[in-house]
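S.K.: My questions all concern the structure below.
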Amino acid sequence: MQALNPLVCVVDFHHARGPEVETWLGAEEGTDPAADNDWSLLPFMALSDGAHASIEDYSYFTLRRAQTLTDSATSLFGISCTRQLDASKLIDRPAEVTRSTVQKAIVVISDSPQHFGAIKAQLGVVTAAWFAQRDFTDIEILQRFTESLPQLLKNQEGQMDHYFGISLREFIHEFKWQTLVLFKCALLQPKVLFFGSHCERLCMMQFALISLIPGLIRHLQDAADPKFNSCEEKIVMPTSLKTSERASLLAYMGLPLQLFGTGSLFGPYTPLQQLDMLADQDTKSYIVGSTNSLLLQQRDRYSDILINLDDHTVNTTSASLRQASILSTPDRRWIDFLTQTVNDTWDESDPTRPKDHGYAGSEEFIRMQFEDYLLAMLSSVKYKIYMEKNAHQEKMITDVEGDPASEFSNDWVHAWMQSENFRIWNKFTDSHLFDIVDPKHPCSGGLSIEDVQRRLAQQVAEMHLDERLEKSREALGKQLAVGQQKVSSAYNRLWAEMEAMREAQRKRAEEVRLQAEKEGRPVDDKKWKAQSPDLSNAQANIQAAGTRASAYISSWGSWASEKRKGWGNRTPASSPSPIDLKRAEEFQRDKDAVVGGGIVSPRDVKRESFFDAEKDKVEVEEN
């Protein structure tokens, strides 16, 4: 088939007619590729839903190239860069521009997406420069861009594969162990629907996923139409192998697996106008993306598994697919190792590269890990098929124990053996692939205590317990502060009540004494002697204060006791004068007369504290 020179077109959003192709560049004069190939949905693919919400956005899509006299029908691939400009900034505003903004997309159509990374880099610059002119009638910059594309693609030939999907490090960092779930689900060829509000990210995720199958990005000629099946028609079983050459080994092992053939479709961005093809009875499987939330409401109809990139969830709507996608213990151990390697080398400032710039955790490292996993799986399944066919014969291979394919999950292996890509692979590969690659899971073995510990650690990390415990610590600190304040308040109330009771007691005694002196009668000692206060409120406050209050009282009591000892041993600074002694004798004589001549101890005259009053009460009752 003759290679297609890249085509370029301008898609405009007309205020009345909607998206439409405005002009073609690179096409033969007098031809309209959209009309010749029935690309009526091209404008809707180029201008994605929600593109108006971004200053710049990219869309990736597939197109069906019609059959010609010289070439058969095949798939083409498009990439568009959409921008918008305030209509008031146009140098010469056409009459048909009635909206406040002008929205246009520059589209490049090629026969392979392999070099879209290089095309995108130039497309973004050219689109920005064209919009900066503020005059869309001047398309010289677009013409020069179109003329440079063939040479650009020619320069890319012979080089290593350039993967333009989202970084696999970011993919694994976001989906973790579910990365392997998505990979194995893709091999089962179900209806896979990606949803996201950002079109470029939506498409990049799908290209990153299919790039995990070595060589598939260069063999997508059947991806645009479920009726295409040219890959199977052209496959030839390899008869030789050079183990020193990676490409020869991959081809001998049957790679790439043909995910897109009869009944399958690949549409990185699929507009609503293409839903009829998805619902067609001949469409058995697909990997497509949409930015329209209407599909979320009909997820059961249009998907077996839905990947929502906005809320980072994977929802398997098919019960059989859900059972088949359960990872085995070796599977989980393998993807956990890969995830941990990425996390250990993660760099927020540059997610695409390990922070130490080493090999472990790099893009190439991740691809090699998936390649080894896939080769081991293919070899194990071939061994399983061989042993089942020769079950009646004596076991010839003694190095392999049991069924190595079971370590990839029996449910998944059984489901994969019903798929279309398995049929093609098994048909065109040697029956003894297990002689080339060891039929053994990269992380074979049963469940161990290390597996349990690792999964628990990952679950704890995913629950963000550190953040939650930090909030708990803050709340606990606040509660302790409040409790401390309450304890302090309880002490203040306690001592305030005690002082108030002492003052009231002193006033009552003084009033009784003055009344007795005035009436010239003796005073009943029991009437004026200090009575014990009601301690019910004080006891309640002490209990409410808790253990901190008890500790404080104990320390305060020790301090008061030490002070009392010091006061008792203290001597006066000088001897009292004779006048003071005479006044003291007169005061004592008068007081003895009032009390009835009883002897009053110094403790009765001067009470050190409330607790001494309580002690006096006990002594009086005993007498």
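The values are calculated or read from the model by the stated rules, or taken from the named source; none is laboratory data. The structure displayed is predicted, hence computed values, not measured ones. Note that we place each Cβ from the backbone using ideal geometry, even for glycine, and neighbour counts take in every protein chain shown. Heads up: the accessible areas ignore ligands, DNA and RNA and are worked out on the full protein's heavy atoms, side chains in. Shrake-Rupley method; radii C 1.70, N 1.55, O 1.52, S 1.80 Å.
S.K.: Once amide H atoms are built 1.01 Å from N in the peptide plane, which residues 5 or more positions from His14, or in another chain, come under 5 Å H to H?
M.R.: Distant-sequence amide H within range of His14: Glu20.
S.K.: Let me ask something else about it. Rounded to whole Hz and in sequence order, give me ³J(HN,Hα) for the range 312-321 from the Karplus expression 6.51 cos²θ - 1.76 cosθ + 1.60, θ = phi - 60°, writing x for Gly and Pro.
M.R.: Each residue of the range 312-321 in turn: 6, 10, 10, 10, 8, 8, 8, 5, 5, 5 Hz.
S.K.: Given the alpha-carbon gyration tensor of the range 221-324, what are the semi-axes of its equivalent ellipsoid in whole angstrom, ordered largest first, with each equal to the square root of 5 times an eigenvalue?
M.R.: Ellipsoid half-lengths, sorted descending, are 32, 17, 13 Å.
S.K.: Applying a 10 Å radius around every beta-carbon, put 359-367, 501-509, 261-269, 212-220 in order of their mean neighbour count, most first.
M.R.: So the order, starting with the most tightly packed, is 261-269, 212-220, 359-367, 501-509.
S.K.: How do the peptides 40-51, 12-23 rank, highest first, by the average count of neighbouring beta carbon atoms within 10 Å per residue?
M.R.: My ranking of the peptides, most packed first, is 40-51, 12-23.
S.K.: Can you work out the Karplus-derived ³J(HN,Hα) for every residue in the range 182-199? Use 6.51 cos²θ - 1.76 cosθ + 1.60 with θ = phi - 60°, whole Hz, and x for glycine or proline.
M.R.: 5, 4, 6, 5, 4, 5, 7, 6, x, 8, 9, 10, 9, 10, x, 7, 9, 5
S.K.: Quick check on packing: order 121-129, 52-60, 179-187, 66-74 by the mean number of other C-beta atoms within 10 Å, highest mean leading.
M.R.: My ranking of the peptides, most packed first, is 179-187, 52-60, 121-129, 66-74.
S.K.: If you count only protein heavy atoms and use a 1.4 Å probe, how large is the accessible surface of Trp24, to the nearest 10 Å²?
M.R.: Roughly 50 Å² of Trp24 is accessible to a 1.4 Å probe.
S.K.: Run the Debye formula on the Cα coordinates of the range 168-447, all scatterers equal and no solvent, and tell me log10 I(q)/I(0) at q = 0.06, 0.13, 0.17 1/Å.
M.R.: One equal scatterer on each Cα of the range 168-447 leads to -0.19, -0.93, -1.52.
S.K.: Sticking with this structure for a sec: By how many nm would the segment from Arg218 to Lys89 grow when fully extended, if each residue of separation counts as 0.36 nm and the alpha-carbon distance is taken off?
M.R.: Extra length from Arg218 to Lys89 when fully extended: 42.2 nm.
S.K.: What fraction, in whole percent, of alpha-carbon pairs in the range 7-156 exceed 22 Å separation?
M.R.: Result for the distance tail: 39 percent.
S.K.: Out of residues 5 or more away from Thr316 or on other chains, whose amide H comes under 5 Å of its own, with H placed 1.01 Å from N in the peptide plane?
M.R.: Leu306
S.K.: If you place +1 on the Cβ of every Lys and Arg, -1 on the Cβ of every Asp and Glu, and leave all else neutral, what size is the dipole of the range 168-447 about its Cα centre, to the nearest 20 Debye?
M.R.: 420 debye
S.K.: Another one. So how exposed is Glu420, as accessible area in Å² (1.4 Å probe, rounded to 10)?
M.R.: 70 Å²
S.K.: Quick one: Karplus J couplings for the range 106-116, per residue in order, coefficients 6.51, -1.76, 1.60, θ = phi - 60°, nearest Hz, x for Gly and Pro?
M.R.: 9, 10, 10, 10, 10, 8, 8, x, 4, 10, 5
S.K.: Continuing with this model, one more query. Mind checking the full-extension length gain between Asp138 and Lys507? Use 0.36 nm per residue of separation minus the Cα-Cα distance, one decimal, nm.
M.R.: Extending this stretch completely gives an extra 122.3 nm.
S.K.: How big is the range 71-148 by the Kirkwood estimate over distinct Cα pairs, in Å?
M.R.: 14.1 Å
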